[in-house]
Amino acid sequence: MGRANARRARQGGARQAGKNEKKSGIRRFFTWKKILGTVLGICLLGMLGFVGLYLYVDVPAGNKEAKLQSNVFKYADGSVMARVGQVNRETVPLSRIPKEVQHTFVAAENKTFYNDSGVDLKGTLRGVINTLSGKGKQGGSTITQQYVKNYYLSQEQTVSRKLQEIVISLKVDQKFSKDDILAGYINTSFYGRGAYGIQAAAQAYYGVDSDKLTVAQGAYLASLLQAPNQYDWAIASDAGKQRVQERWAYTLNNMVEMKWLSPEERAKQKFPVPQPPKPLPGLTGQASYIIDAAKKELFAQGVDENEFEAGGWTVTLGIDKKRQKSLEGAVKQKLTDDLKLDSRSVDRDAQLGAASVDPKTGYVVALYGGAGYPKHYTNNATRSDYQPASTFKPIILASAMENHAATQGGVPITPNAIYDGRNRRPVVGGTKPFAPPNEDEHTYGRITVQTATNNSVNSVFAQMGADVGLDQVKKTAVSLGMNGAKMDVQPAMTLGTMGASPLQMAGAYATFDNHGTKVTPTMVVKAVHTQDGVDKEVKLKDPIGDQVLSRTTADTITSVLTGVVDDGTASEAVKNTSYKAAGKTGTSDDNKSAWFVGYTPKLVTAVGMFGESPNGGKQVTLKGTGGGGRVNGGGYPARVWADYTQDAVGDGAGGDFSLETDMGAAVPPPSTPTPTPSAPVTPTPTPTPTPTPSGPPTPTGTPSDSGTDRPTGRPTPPTGGTAGGPPNGGTTGNGGTTGNGGTTGNGGTTGNGGTTGTPGGANGAGGNTVPNFGN
């Protein structure tokens, strides 16, 4: 026993000694001093590493994605027409966000924002630990950190990205003001409904701009940032609605605590239920044409296309929402409702374009470009590949008056000048042989320019172009805004054979309406580019330019063109209107286009109708469109114009013309003795003269035929009537003194246009149908 006990004691002692030795070794290795030193060393290394990281990491350039914005196009009243771009974001400066709305974001997310250094170390450490432990995205970041994450970094959750966030946040807080950081945060955050930034969110949830937000609405938007999809009232569950209301109340209560909202004001706040979601306004219908035209206008004025497409632009247009709707309605009621696209193939060829301009400002207030994308990509309002036809004739008269041109008889060209209106009458003094047909081969005798304008008599204006000089006519046309590159100086140009767009023709006639001061139809009223919270407005050209026509000339043209509306080729379509108007019809060769350009004292509108094959866009005839025959300017175009204008007049587009002229249809003619009618004679392409002692005018168009007036005073305009009716000129001596034109009484004795029995030209006849180059 004794030996056994001793052996056990020895063995136990050995084991204890081993334990003591082992324990002593561990203690030697893990002493508290070593542990403390290790911790301090790690902290020091961490600090040195952070210092190195701080020195190494700089504030980077913002993410490309974070800078993307939509371009916003607005109507003249400020309402949004369309948002176009990859991202629905419109960056706005803090000056466009009410102060109390700014405070809602601070109250909701970071009450110490104005005093902290940009980093919440405790919250950030918690976020790092949670990230390492796999618990996913965690809150606790400051507004500065969230802005840095949105603008400078990605949304990934890693330790390295979190460390970068801390360093950059500290530097951003030192580099930028708190207002800059707050603006960046509010503008880069995602609010749901596809909206990035407060401006897009304000529109998406409340249909207002950011500067119109209330404190209650701002508190809701600030609350959304925690969980946009869960807190969107339109799709939130009952629990989500409960939580967002609680967060909304929490935000407002924090504002009271921060002295940003009084308890009394807080008590008045009611939860602002947002409006239901709506599709983003985009490139549909007429907006597709309007926006495309506006962009081209901006690029032509020096705006960089790549910079524009990067976004951030707010473009305010001159488009009047009400008038735009009226124009679209007029096209539907007066044209497209008549078309049977399924059963009548020719109806599929009909295209219509229209541009309406305020002559005082020069801005386009309404535009119709066609059926819209993707049905028809060409903008019919700005295309210039069709002939304006007889709508060009007033420009010839304007050029004649402006250049003090005279007839072949040496008499100044005015609305009261007398011309020979015979059909296919050869032009005298022209650069090339030219003898254009009149409407339906109709012949006229000696008629005034006013009557020739009312009835769109081709032979008269062909001769007038030669009298003025075609180069001078082109110069006048270009000064009025027409494209000289599309204008070949040939005799046929007097019939409007060049290319022109409704927008260009609206500009030319707007210059008449504006008393000769140049009007360049302009889409864009204002263009502002917002970048890094700074608004920069582009300087745009003034649509109203220099005086390009004398007021007398411009006002006389307006006076003349009232006759077309009252008694001429447009009278049927525009009758029974309640407003004063002037205008001109036009129909091109082979009826490929038909026009009416008309205006009131406050509104100018050009309507062009074009025949275009759906297959390849080839120009084709309009004949048969709508189930009728020839389509002329006094038909569909004038009807669309009249319907639209009637509606627009109710919005203040009417009034009286203020004209400084004593000529034209708007000026009552002086009293004259009652003419003695001659026997009726049916007009023929070549009048058959009755011999007299002095002989009739020669049918080949000698200078004596090409326009003789009274040498002194204002000529008496011919009295209208049917073929062979009251004598043109009316009284003895019309056409001049004894011997003018050859013999005593030429155009003066009883008889139309010459000696007794010579056809008087069916003055006033003609109607509204048109041959090649007609009315």
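Observations on the structure shown:
- A single entry from LEU298, LEU221 fulfils the requirement of being in contact (Cβ under 8 Å) with a residue 60 or more places away in the chain, part of a helix (DSSP H, G or I) and in the same structural domain as PHE113 (by TED's automatic domain parsing): LEU221.
- Some residue of the stretch 319-334 being surrounded by fewer than 19 Cβ atoms within 10 Å (Cβ to Cβ), outside any helix (DSSP H, G or I) and not assigned by TED's automatic domain parsing to the domain that holds GLN245: no
- A count restricted to the stretch 97-110 and to residues that are more than 25 Å from LEU163 (Cβ to Cβ) and outside any helix (DSSP H, G or I) stands at 2.
- Any hit, the stretch 352-372, residues being outside the structural domain of GLY240 (by TED's automatic domain parsing), assigned to a helix (DSSP H, G or I) and surrounded by 18 or more Cβ atoms within 10 Å (Cβ to Cβ): no
- Residue in the stretch 239-260 that is crowded, with 16+ Cβ neighbours inside 10 Å, among the aliphatic types (A, V, I, L, M) and either assigned to a loop (DSSP other than H, G, I, E, B) or in the same structural domain as GLY329 (by TED's automatic domain parsing) (or both) present: no
- Residues within the stretch 417-432 that are at pLDDT 95 or above and within 13 Å of GLN490 (Cα to Cα), tallied: 1
- Check on VAL167, in a loop (DSSP other than H, G, I, E, B), at pLDDT below 85 and either among the hydrophobic types (A, V, I, L, M, F, W, C) or closer than 30 Å to VAL365 by Cα (or both): no
- Residue count for the stretch 490-534, restricted to those that are in a helix (DSSP H, G or I) and not small (Gly, Ala, Ser): 12
- The numbered conditions (1) in a helix (DSSP H, G or I); (2) surrounded by fewer than 24 Cβ atoms within 10 Å (Cβ to Cβ) are all true for ALA435 except (1).
- Residues that are more than 24 Å from ILE319 (Cβ to Cβ) and of a type in the set (Ser, Thr, Tyr) within the stretch 245-296 comprise TYR250, THR251, SER262, listed in sequence order.
- If you go through the stretch 361-406 and pick out every residue that is closer than 24 Å to ALA648 by Cα and out of contact with any helix residue (DSSP H, G or I) (no Cβ under 9 Å at 6 or more places or on another chain), you end up with 2.
- Matching residues, the stretch 617-627, being out of contact with any helix residue (DSSP H, G or I) (no Cβ under 8 Å at 6 or more places or on another chain), of a type outside the set (D, E, K, R) and at pLDDT 90 or above: GLN619
- Condition check for VAL460: in contact (Cβ under 8 Å) with a residue 24 or more places away in the chain, touching a strand residue (DSSP E or B) at 6+ places or on another chain (Cβ under 6 Å), not in a loop (DSSP other than H, G, I, E, B) and not charged (D, E, K, R): yes
- Flag if ASP358 is of a type in the set (D, E, K, R), under 39 Å from the mean Cα position of the chain (by Cα) and within 30 Å of LYS541 (Cβ to Cβ): yes
- Looking across the stretch 223-235, the residues that are of a type in the set (A, V, I, L, M, F, W, C) and crowded, with 18+ Cβ neighbours inside 10 Å come down to LEU224, LEU225, TRP233.
- When ASP656, ASP647 are checked against the criterion of being in a loop (DSSP other than H, G, I, E, B) and either under 18 Å from TYR368 (Cβ atoms) or among the acidic types (Asp, Glu) (or both), ASP656 stands alone in meeting it.
- A residue that is farther than 17 Å from ILE198 by Cβ and within 25 Å of the chain's Cα centre (by Cα) can be found somewhere in the stretch 86-106.
- When the stretch 540-576 is filtered for residues that are closer than 30 Å to VAL303 by Cβ and either surrounded by 22 or more Cβ atoms within 10 Å (Cβ to Cβ) or not aliphatic (A, V, I, L, M) (or both), the ones remaining, listed by number, are LYS541, ASP542, PRO543, GLY545, ASP546, GLN547.
- Which listed residue, of GLY616, GLY598, GLY628, GLY608, is without any contact (Cβ under 8 Å) to a residue 40 or more places away in the chain and within 28 Å of the chain's Cα centre (by Cα): GLY616
- Extreme residue, nearest to ASN150 (Cα to Cα), among residues of the stretch 183-207 that are among the hydrophobic types (A, V, I, L, M, F, W, C) and assigned to a helix (DSSP H, G or I): ILE186
- Looking only at residues of the stretch 197-222 that are hydroxyl-bearing (Ser, Thr, Tyr) and in contact with an Asp or Glu (Cβ under 9 Å, 6 or more places away or on another chain), we find that the one that is surrounded by the fewest Cβ atoms within 10 Å (Cβ to Cβ) is THR214.
The values are calculated or read from the model by the stated rules, or taken from the named source; none is laboratory data. Model, not experiment: these values are computed from the prediction. Here the Cβ is made from the backbone with ideal geometry for all residues, glycine too, and neighbour counts use every protein chain on show.
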